[in-house]
Each structure stands twice: as structure tokens, then as C-alpha cells.
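Values in this text are rule-based calculations from the coordinates and carry no lab data. Source: prediction; values computed, not measured. In this analysis, Cβ positions are derived from the backbone assuming ideal geometry, glycine residues included, and neighbour counts consider all displayed protein chains.
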Amino acid sequence: MGMYYKTGLKALDSSTKSGKMVDRIMDKLPVGVKVKKSNLYDIARIPLDSEKEELKRFWLDDIKPTPEDIVVLLGAMVHNDCPDIKVRDLIKIAHPASKRSHKEMDEYVEKAASLICRTIKA
């Protein structure tokens, strides 16, 4: 789960750097694992504090997380703002855009995919 939408794009759209890295992580997950990309806030900018609670409720109504779900939170702002949800696991990792070099990006993808795969198998 990312934070907010880029204007005119889907959540973690594959045309963005972050979306491409998330796609690479998804490619490393076991066959049959269902993934839904989403953003915590259905807005095309960082929300104002006064907007956050209503936008979180919208996310909860739209995604409807279940006790069987594993939710991956991308970045400190999402880690801090994620509503209290009852899911199998919350995985907190850095935001993909925080990685600059190709080496850092490759390591990020490998570590994130490994963590998610271990959680799926647990």
C-alpha cells in the first residue's frame, strides 16, 4: 500500500519507479498469490491531517481487509497512518522511491520479496 495517487494513474502504477519495483517484487511471489495494489489515501497529493480519517474509512470500505490478508505498507508515512486493521500480518518496508542506485533497488526487491514469501509460508 502506497500513500496517494499520482494524477491520472492507478495505485503504484507500473509506469512509475515505485510501481515498477512493486511489479518486480510481485513477479517473485509464489504462483497463485493474489495481489492488489492500493493507496491508503484516494487523493492525488499528501492529504491534510483533517482529511485523513475520512480517507482511511474510504480505504477500509474499498479494500475490506480480512484476517487472512497480508498487507505490505510502503514507507514511514503509511506505516504511521495505517488504520488499525485485523489482518494476518502487516509488513512494513521502506518506500521503493527511497532507493536510488540500481544495486539498492535490486537489493530492495530481493529483500522485500523474501520477507513477503516467508510471511506467506508461515
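Using a/c under 1.5 as the rounded threshold, could you call the range 13-63 rounded, prolate or oblate? The axes a ≥ b ≥ c are square roots of the C-alpha gyration tensor eigenvalues, and prolate needs a/b larger than b/c, oblate otherwise. Oblate is the answer for the range 13-63, as a/c is 1.5 or above yet b/c matches or exceeds a/b. With the charge dipole of the chain set up from +1 on Lys and Arg Cβ and -1 on Asp and Glu Cβ about the Cα centre, the Cα lying farthest toward the positive end among the listed residues Pro83, Met21, Met1 is that of Met21.
Simple spin-label estimate for Leu60 and His102 gives 4.5 nm between the two label positions (7 Å along the Cα-to-Cβ direction from each Cα).
Quick one: pull the percentage of alpha-carbon pairs in the range 15-122 with a separation above 16 Å. Percent of Cα pairs beyond 16 Å in the range 15-122: 61. Shape of the range 81-122 from its Cα gyration tensor (a ≥ b ≥ c, root eigenvalues): rounded if a/c is under 1.5, otherwise prolate when a/b > b/c, or oblate? Note, shape of the range 81-122 comes out oblate.
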